[in-house]
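The values are calculated or read from the model by the stated rules, or taken from the named source; none is laboratory data. Everything quoted here is computed from the prediction, not taken from an experiment. We place every Cβ from the backbone using ideal geometry, glycine too, and count neighbours over all the protein chains shown.
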Protein chains: 2
Amino acid sequence: MEWEKIKIRLDTLLSEGRHGLLRGALMVLNPVDVAEYMQDLDAEKLLLLFRVLPKDMSAEVFSYMDGDQRETLVNSIGDAEITALINDMFVDDAVDFLEELPANAVKRVLKNTDPKTRAIINQFLNYPDNSAGSLMTIEYCEVTKGMVVQDALKAIRETGVDKETVYTLYMVDDQRHLIGYIPLHKALLVDIDTPLYEMREPGIISVKTTDDQELVADLVRKYHLISIPVVDGEGRMVGIITSDDIMDVIEEENTEDFEKMAALAPADEPYFRTSLLEMVWNRLPWLMILMFTSILSAAIVSKYENLLAVSVLLSASIPMLMDTGGNCGQQASTLMVRGIALGEITFKDIFKVLWIEMRVGVIIGFVLAIVTYARLLFINHANPTLALVISFSLFATVVIAKSLGSVLPLLASKAKFDPALAASPLITTLVDAASLLILFSIASRLVIG
Amino acid sequence: MEWEKIKIRLDTLLSEGRHGLLRGALMVLNPVDVAEYMQDLDAEKLLLLFRVLPKDMSAEVFSYMDGDQRETLVNSIGDAEITALINDMFVDDAVDFLEELPANAVKRVLKNTDPKTRAIINQFLNYPDNSAGSLMTIEYCEVTKGMVVQDALKAIRETGVDKETVYTLYMVDDQRHLIGYIPLHKALLVDIDTPLYEMREPGIISVKTTDDQELVADLVRKYHLISIPVVDGEGRMVGIITSDDIMDVIEEENTEDFEKMAALAPADEPYFRTSLLEMVWNRLPWLMILMFTSILSAAIVSKYENLLAVSVLLSASIPMLMDTGGNCGQQASTLMVRGIALGEITFKDIFKVLWIEMRVGVIIGFVLAIVTYARLLFINHANPTLALVISFSLFATVVIAKSLGSVLPLLASKAKFDPALAASPLITTLVDAASLLILFSIASRLVIG
């Protein structure tokens with residue numbers, strides 16, 4: 001790969017200390033790639049490379065570097081350099097200092113910070129974690145009622161906001177209430193003395209600082225926005241959130257759903273940044289709970305111990321019943337969790353969904369039961385009654401699994417629980433118990449009785 | 001909710017036939033919301049509302065309407081109106097007709113089409129499904145080497161491209177090869193006679209028309225782009241993909257992973273748009289495969305039937321062992337699938353991951369085994385040797401589940417299989433067999449022997 005070659009070149013230039021050439025090479029690279037390259041450097045080389053970086057790139061590269069490397073760097077550079085960086089970038093110790101600053105100084109410091117840093121700083125400035133406030137940037141273009149297109153262009157030039165965040169002009173009134181927005185591309189199509197007020201778009205979609213990031217992501221995705229304005233409790237404009245940061249939110253929310261559905265407590269950090277004990281702590285509680293609920297199945301098996309002695313085929317069918325039931329429940333619950341997350345399914349659809357899933361369950365259960373019956377009869381040479389009992393249990397298990405798997409996440413969403421939490425592992429345990437109960441209660445009547 | 005009130009108002013205006021007022025009301029709404037409102041209307045009202053819509057909104061509203069409603073509408077409006085719509089919008093029957101059109105007419109038709117429609121048209125124009133080509137729009141702003149800022153602004157005004165797609169200027173040479181890009185906000189900060197060539201950014205990130213949409217999404221997310229250029233096999237610029245469409249791709253890819261991990265074949269349509277038979281078809285194959293693999297577990301149980309007769313506690317422990325093993329494996333595999341999808345974990349980390357997971361497995365396995373040992377001894381009053389056998393089997397199951405759960409998705413990714421496919425249900429079945437084998441082989445030595 002091309003990128004591997006570039007890395008080798010950079011390694012050579014760096015170890016030979018050819019700083020001029022190195023700077024030239026870095027200039028043509030994307031800051032994201034430079035940050036990625038720096039990830040594997042030791043403290044000494046890291047510092048060297050960072051000092052060689054063209055001044056206008058260093059802040060951006062810094063924003064893409066990972067936490068550990070950033071810390072290493074901050075520890076090795078001098079106070080003056082830190083102060084220079086602080087203008088754009090977040091440093092742990094600077095937060096208290098920031099809180100004491102006047103609003104416009106904070107504005108200056110928050111400028112250009114990466115989403116994560118901004119989240120931390122804003123959090124410290126009292127916005128709740130994962131809220132719109134913690135995600136937003138205060139670097140955007142604000143216009144007022146009396147302005148014409150030319151004024152807006154002048155404002156962009158004067159504030160020198162060098163980011164995509166200028167692509168929507170937000171109009172505020174005297175009390176800084178948001179009263180409209182103008183997409184920049186529309187302003188470029190008209191005469192420069194067109195009043196912006198006449199051009200403003202209706203139906204402002206905005207979020208409050210306290211709104212959850214999931215809501216923000218849903219709105220941005222639904223309305224195809226490139227940025228969304230954030231207002232405070234009184235409807236005054238305080239910042240914007242751009243769509244590139246929303247992509248990270250979407251992935252974060254998806255990761256959370258994946259984790260919950262796999263009986264994991266959501267991790268705060270990427271895999272390799274999570275400590276061993278944290279990993280254990282994220283996984284153990286649910287495993288413990290689920291282990292204890294599975295004792296329910298054990299109790300059912302124990303209760304029918306006389307049956308097990310009569311036919312080993314009953315014991316041997318337990319794994320098949322449990323696996324199939326678990327898989328069927330998981331299929332249904334996964335479809336629900338995704339449907340709810342994407343806004344395609346809501347609680348009011350519960351009966352419609354149940355009707356669909358029961359029919360799907362009947363068809364699938366019937367097919368699987370027929371196949372199992374044939375297998376038991378012709379391959380295992382089982383007693384026909386026993387084969388019928390096991391096949392029917394399988395059929396009932398599938399129908400129950402589909403029904404529970406679809407209904408539970410919807411009920412959870414209604415009760416304001418996370419549907420993902422009600423999904424897969426818990427359903428598997430419930431379905432297990434149900435399938436064993438069916439198997440043994442029918443078997444005890446037909447086989448023994 | 002506000003929106004519910006608006007809907008009731010629209011209902012009233014619509015049924016009373018107050019078209020002037022209705023048009024006024026529609027003008028202040030977001031086209032996405034208007035399309036949502038139209039979803040529940042019957043054919044007659046749908047047509048009425050569509051005709052009342054302000055002309056400049058109808059194409060956009062049409063693009064957000066769902067497939068069924070769009071078809072209803074197309075069936076009820078006249079040829080002239082269809083022809084008018086075809087300029088912006090896709091209609092099934094128009095595809096062949098489009099293929100016959102000269103390139104610039106297609107360009108005109110593709111203009112303003114929604115991602116889905118564009119995907120269909122582009123597909124018909126021979127780009128593979130889910131490729132960059134099928135996602136792209138050909139509506140963007142192209143500049144050449146000799147142009148200055150003013151020329152670019154003039155080009156935007158002249159082509160009248162009224163979309164966010166003008167926010168990056170793409171520079172091409174005489175052969176239409178992509179040679180650089182200029183973010184529009186930078187062009188707004190400088191003098192209008194600044195040559196664009198001097199301002200172009202280094203390191204163009206582009207995709208080929210044949211590249212998979214997943215790669216496109218990864219690049220856009222990684223480099224925080226608002227659009228990405230698409231080039232053909234010879235590196236010539238052919239279109240761009242905007243970040244709002246990428247959000248849909250991200251959700252689509254996530255849904256696919258969720259589905260694969262739940263043993264579902266990915267559905268093409270949202271839940272309620274999928275027919276009953278398709279649902280069965282998406283779910284049955286994997287269930288059948290997994291049911292047959294679980295017979296492996298049945299065979300193991302059958303092999304040790306003499307053991308089961310001796311102790312019902314062994315049978316009763318099967319569900320607990322299987323559930324815990326399945327959950328542990330799923331935890332590990334889910335972390336792998338997410339790590340791989342987000343680019344945090346790659347195949348070369350396999351030994352590092354295995355080392356982590358084995359240690360996590362040892363700690364978790366130890367805790368769960370101790371708890372189980374105590375339970376068996378003090379609550380179930382089990383024979384101490386038997387309790388030890390079951391507890392040790394649990395410990396071994398956890399360690400094996402964590403190891404298999406982490407290694408299999410990585411191996412799958414190396415073999416260019418989808419890691420999600422190797423995850424959860426298959427791992428559960430393997431872990432089941434392994435745990436039963438451990439349980440019975442130890443038990444047969446210690447308990448019987």
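Listed values, structure above:
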| read-out | value |
| --- | --- |
| Residue identified as under 24 Å from B:LEU135 (Cβ atoms) and assigned to a helix (DSSP H, G or I) among B:GLU234, B:GLU214 | B:GLU214 |
| Close pairs (9 angstrom Cβ cut-off, 6 or more residues apart or separate chains): of a type in the set (Ser, Thr, Tyr) in segment A:23-51, surrounded by 17 or more Cβ atoms within 10 Å (Cβ to Cβ) and outside any helix (DSSP H, G or I) anywhere | A:TYR37/A:LEU29 |
| Only one of B:VAL280, B:VAL230, B:VAL249, B:VAL301 that is closer than 30 Å to B:GLY405 by Cβ, touching a helix residue (DSSP H, G or I) at 6+ places or on another chain (Cβ under 7 Å) and modelled with pLDDT of 85 or more | B:VAL249 |
| Within segment A:249-263, tally of residues that are of a type in the set (D, E, K, R), facing another protein chain (nearest Cβ under 7 Å) and farther than 14 Å from A:VAL337 by Cα | 1 |
| Breaking point among (1) more than 10 Å from chain B (Cβ to nearest Cβ); (2) over 26 Å from the mean Cα position of the chain (by Cα), for A:HIS185 | (1) |
| Residues satisfying the stated conditions in segment B:133-153, i.e. modelled with pLDDT of 85 or more and of a type in the set (D, E, K, R) | B:GLU142, B:LYS145, B:ASP151 |
| Any hit, segment A:173-191, residues being in the same structural domain as A:ILE138 (by TED's automatic domain parsing), buried (at least 22 other Cβ atoms within 10 Å of the Cβ) and in a loop (DSSP other than H, G, I, E, B) | no |
| Count of residues meeting criterion [part of a helix (DSSP H, G or I) and within 12 Å of chain A (Cβ to nearest Cβ)] in segment B:354-403 | 28 |
| Scope segment B:291-312; condition surrounded by fewer than 23 Cβ atoms within 10 Å (Cβ to Cβ) and touching a residue at least 60 places away in the same chain (Cβ under 8 Å); matching residues | B:THR293, B:LEU296, B:ILE300, B:LYS303, B:TYR304, B:ASN306, B:LEU307, B:VAL310, B:SER311 |
| From the options A:LEU377, A:LEU437, A:LEU446, A:LEU388, residue that is free of Cβ contacts under 8 Å to residues at least 12 places away in the same chain and over 36 Å from the mean Cα position of the chain (by Cα) | A:LEU377 |
| Positions within segment B:324-353 being more than 9 Å from every other protein chain (Cβ to nearest Cβ) and farther than 13 Å from B:ALA401 by Cβ, in sequence order | B:ILE340, B:GLY343, B:THR346, B:PHE347, B:LYS348, B:ILE350, B:PHE351 |
| Conditions (1) surrounded by fewer than 19 Cβ atoms within 10 Å (Cβ to Cβ); (2) touching a Pro at 6+ places or on another chain (Cβ under 9 Å); number of the one not met by B:PRO270 | (2) |
| Within segment A:411-432, considering residues that are surrounded by fewer than 24 Cβ atoms within 10 Å (Cβ to Cβ) and within 19 Å of A:MET358 (Cα to Cα), the one modelled with the highest pLDDT | A:LEU411 |
| Of residues in segment A:203-214 being facing chain B (nearest Cβ under 10 Å) and in contact (Cβ under 8 Å) with a residue 12 or more places away in the chain, the one farthest from the chain's Cα centre (by Cα) | A:ILE204 |
| Any hit, segment A:215-237, residues being within 13 Å of another protein chain (Cβ to nearest Cβ), of a type in the set (S, T, N, Q) and surrounded by fewer than 19 Cβ atoms within 10 Å (Cβ to Cβ) | no |
| Single condition B:GLU198 does not satisfy, out of (1) surrounded by 19 or more Cβ atoms within 10 Å (Cβ to Cβ); (2) modelled with pLDDT of 85 or more; (3) not basic (Lys, Arg) | (1) |
| Test for A:LEU41: is it modelled with pLDDT of 75 or more, surrounded by 15 or more Cβ atoms within 10 Å (Cβ to Cβ), touching a helix residue (DSSP H, G or I) at 6+ places or on another chain (Cβ under 7 Å) and not in a helix (DSSP H, G or I) | yes |
| Residue identified as more than 20 Å from B:LYS260 (Cβ to Cβ) and assigned by TED's automatic domain parsing to the domain that holds A:ARG338 among A:ALA420, A:ALA415 | A:ALA415 |
| Flag for A:LEU321 being more than 7 Å from chain B (Cβ to nearest Cβ), assigned to a helix (DSSP H, G or I) and either in contact (Cβ under 8 Å) with a residue 24 or more places away in the chain or on the phi > 0 side of the Ramachandran plot (or both) | yes |
